[in-house]
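Right, one structure below, let's go through it.
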Amino acid sequence: MTHANWSYPNSIRTGAGRVAETADACRDADITNPLIVTDPGLVDLPPMTAVRAALTDADLPAAVFSDLQPNPLGRDVTAGVEVFRTGGHDGVIAVGGGSALDVGKAIAFHAGQTRPLWDFEDIDDWWTRADVDAIAPVIAIPTTAGTGSEAGRGSVITHEDTERKVTIFHPRMLPAVVIADPELTVGLPRVLTVGTGLDALSHSLEAICTPLYHPLSQGIGMEGCRLVFENLPVVAADPTDLEARTRMLSAASMGAVAFQKGLGAMHAMSHPCSVHFGTHHGMTNAVMMPYVLLANRPAIETTMARLAAYAGIGRTFDDLVEHVLALRTELDVPHTLVELGVDADAVDTIVAGTVIDLCAATNPVTVDHEYATALFAAACEGRLD
Ligand SMILES: NC(=O)c1ccc[n+]([C@@H]2O[C@H](COP(=O)([O-])OP(=O)(O)OC[C@H]3O[C@@H](n4cnc5c(N)ncnc54)[C@H](O)[C@@H]3O)[C@@H](O)[C@H]2O)c1
Ligand SMILES: [Fe+2]
């Protein structure tokens with residue numbers, strides 16, 4: 001059974017049972033009065049029981065904040081910052097999927113700042129506005145294998161006024177210690193195992209298609225894709241396969257490292273869909289995947305052929321798309337956005353949200369009004385041409 005300690009990009013403790021090291025991780029990060037941040041669905045589930053037990057065994061008391069929603073809002077962060085300040089906390093233990101990890105990271109980041117949260121959007125050098133010394137450390141304990149937020153420097157929060165998903169960014173938001181314990185992901189319902197796993201795939205896949213020169217992330221993205229192709233069908237069929245669960249956690253973290261190279265139109269269109277229709281982030285990316293690959297075809301044929309060969313699934317762009325379509329079918333991913341609950345009549349809203357999304361800027365083909373309109377129509381109607 002795989003057990004490993006890595007220090008790249010942050011300190012990652014990988015392996016079954018390692019949640020027992022939570023208090024030890026707090027010591028490593030100089031946290032003496034932690035605030036646990038999780039979501040309401042998880043607060044009474046086994047992953048949280050395990051975290052609490054680890055802290056109790058080490059006589060390290062912790063308060064819990066769980067007042068947040070999936071696709072979290074700015075006010076979720078504000079409420080958590082209030083609890084963090086009132087309790088005099090000096091660090092966060094973020095336990096959950098991307099929503100709880102992102103809110104936990106944002107609370108630890110923002111609690112010591114004076115400017116509004118939105119002043120730290122991932123634009124130009126806005127992150128330099130932050131008071132670095134006031135950023136509190138985070139222990140990240142993922143319970144889904146998908147977003148890779150535990151290995152990333154950003155936090156995705158929806159701005160309620162503009163109805164836009166905003167990435168808050170600071171290099172010091174990278175969690176100090178990650179505990180990647182596959183046992184914590186065993187209880188995920190299949191639909192979430194699939195949705196989050198395909199989010200991890202979408203990160204690596206979109207990252208290796210961006211035109212930016214970043215060979216470090218390119219290499220990581222290739223292996224990130226391969227790990228998902230190999231292991232997601234295994235965990236979907238047998239949720240208790242801890243070795244495959246471990247590899248999916250690794251793939252998720254690798255996706256986040258890969259997308260330092262940027263993302264693309266899967267995420268750019270998925271974001272407004274989730275904001276307006278509450279669809280699951282990863283599942284929305286999974287629906288978008290083949291339509292975006294086809295829309296980007298002229299720019300990515302060589303890269304996709306290379307990936308098909310590397311992953312052992314074929315030799316050409318078409319082989320790769322075929323594999324993605326078969327994987328979606330095997331994993332019961334809806335074929336269209338409409339089946340997922342998105343209203344085809346919302347075309348103007350979704351297209352407007354897509355073209356201004358940060359991820360659109362690194363898509364290998366320009367995402368303008370025409371591109372986004374055609375993409376949305378294809379994804380609503382299920383057209384693969
Ligand atoms: N920071 C980043 O780099 C980054 C990257 C991609 C996505 N995101 C964001 O992450 C969010 C999505 O995160 P997610 O896909 O992990 O889902 P999530 O965190 O929203 O969780 C979805 C549901 O799964 C439940 N859940 C989580 N772990 C469980 C477990 N082990 N057992 C049973 N139930 C469990 C939660 O209670 C919740 O109801 C979105 O807001 C998205 O925008 C962030
Ligand atoms: Fe994502």
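Annotations for the structure displayed:
- Of the chymotrypsin sites (Phe, Trp or Tyr not before Pro) in the range 207-295, those whose Cβ has at most 16 other Cβ within 10 Å and which sit in DSSP loop: Tyr213
- Using θ = phi - 60° and Karplus 6.51 cos²θ - 1.76 cosθ + 1.60, couplings along the range 228-245 (whole Hz; Gly, Pro as x): 5, 3, 7, 9, 5, x, 5, 6, 5, 7, 9, x, 8, 6, 5, 5, 5, 4
- Percent breakdown of C-alpha pair distances by 5 Å bin, ordered from the shortest bin, for the range 295-364: 3, 14, 15, 16, 20, 19, 9, 3, 0
- The peptide list 96-104, 62-70, put in order of mean Cβ contacts within 10 Å with the highest first, becomes 96-104, 62-70.
- Neighbourhood net charge (11 Å Cβ-Cβ; Lys/Arg +1, Asp/Glu -1) for Thr349: -4
- Fewest-first ordering of Arg328, Arg247 by other beta carbons within 10 Å of each residue's beta carbon gives Arg328, Arg247.
- Ordering Leu198, Leu358 by the number of other Cβ atoms within 10 Å of each residue's own Cβ, fewest first, gives Leu358, Leu198.
- Neighbourhood charge, 9 Å Cβ-Cβ cut-off, centred on Ala176 and excluding it, Lys, Arg +1 and Asp, Glu -1: -2
- The charge dipole of the chain, taken about its Cα centre with unit charges on the Cβ of Lys, Arg, Asp and Glu (plus for the first two, minus for the last two), comes to roughly 640 debye.
- Working value for the range 168-305: equivalent-ellipsoid semi-axes of 23, 18, 16 Å, each the square root of 5 times a Cα gyration tensor eigenvalue, largest first.
- Ranking of Arg190, Arg172 by count of other Cβ atoms within 10 Å, fewest first: Arg190, Arg172
Quick note: the coordinates plus some simple rules give every number you see, no bench work behind them. Because the structure is predicted, anything quoted here is derived from the model rather than measured. So basically every Cβ, Gly included, is an ideal-geometry build from the backbone, and we count neighbours across all protein chains shown.
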